[in-house]
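These notes are about the structure you will find just below.
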Amino acid sequence: MVVLVALARFPPILSPIRTTTTRRRLLPSAALRLTRPLSSSGSPLAVVASMETPPEGYRTNVGICLADPSLTKIFTASRIDIANTWQMPQGGIDAGEDPREAAARELREETGVTSAEMVAEVPVWLTYDFPADVKEKLNARWGGTNWKGQAQKWFLFRFTGKEDEVNLNGDGSERPEFCEWTWMTPQQVIEKAVEFKKPVYEEALKHFAPYLQSDPATTTSS
């Protein structure tokens with residue numbers, strides 16, 4: 001299930017990551033519902049609603065969409081602990097931490113990247129539920145919590161460095177999560193994601209679409 005939750009604007013994070021605020025789009029305040037296929041139980045796979053705060057029972061989290069310098073393709077990495085599972089960087093927000101600062105921190109911790117500028121943010125929370133087996137595993141890892149899923153604040157960054165800056169050992173402060181990485185088109189990112197994250201990826205990339213460029217390699221001339 002995906003839930004969108006309205007959030008107030010935060011102050012910009014500190015360097016080395018710069019922020020831009022151009023062309024920011026806000027969702028309408030009224031609740032919305034996405035038309036999506038039904039699950040095997042007959043319930044919608046994704047629901048969109050506008051709220052002022054993240055729903056209770058969900059771990060607050062940031063998602064990072066790191067685009068290449070041309071804003072054409074997106075950084076995607078394969079997880080160490082789950083075979084053939086690709087995702088964009090993400091991570092929990094510490095108590096009292098600004099989501100923008102959390103996004104910069106998680107990007108550095110998971111990829112080693114500090115040469116990036118913030119381009120846009122999704123002005124609402126995107127929420128997904130954990131499958132039962134994932135819920136049990138993650139809550140045990142987090143010390144016996146009982147989170148139903150994660151409420152994520154998503155940010156689009158543009159990579160401004162060179163590829164040798166990417167280090168999947170991160171900055172050494174956390175255990176590595178990824179074993180390889182590549183640049184993918186937005187559609188490839190969605191296709192490679194695990195099923196329970198796909199609705200969130202689709203919604204985040206809809207918000208970032210006005211900032212992303214078409215890949216010339218996949219564009220055919222008329």
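Of the solvent-accessible surface of region 48-212, computed with a 1.4 Å probe and all protein chains present, 47% belongs to carbon and sulfur. One way to sum up the overall shape of region 48-212 is the equivalent ellipsoid from its Cα gyration tensor, whose semi-axes run 23, 18, 16 Å, largest first. The GluC sites (Glu not before Pro) of region 160-217 meeting both criteria, a DSSP state outside H, G, I, E and B (loop) and at most 14 other C-beta atoms within 10 angstrom of the site's C-beta, are E174.
Return one quarter of the surface area of the convex hull spanned by the alpha-carbon atoms of region 100-177, equal to its mean projected area, in nm².
6.1
Across region 48-212, how many lysine pairs, 8 or more positions apart or on different chains, have C-alpha atoms separated by under 22 Å? Please give the number. Lysine pairs satisfying the spacing and distance rule in region 48-212 number 24.
For the peptides 100-113, 75-88, the ranking by packing is 100-113, 75-88, with the highest mean count of neighbouring Cβ atoms within 10 Å listed first.
The values are calculated or read from the model by the stated rules, or taken from the named source; none is laboratory data. As the structure is a computational prediction, the values presented were derived from the model and not from experiment. Glycine also receives a Cβ, built like all others from the backbone with ideal geometry; neighbour counts cover every protein chain displayed. Ligands, DNA and RNA are stripped out before the accessible areas are found, and what is left, the full protein with its side chains, is counted by its heavy atoms. Shrake-Rupley method; radii C 1.70, N 1.55, O 1.52, S 1.80 Å.
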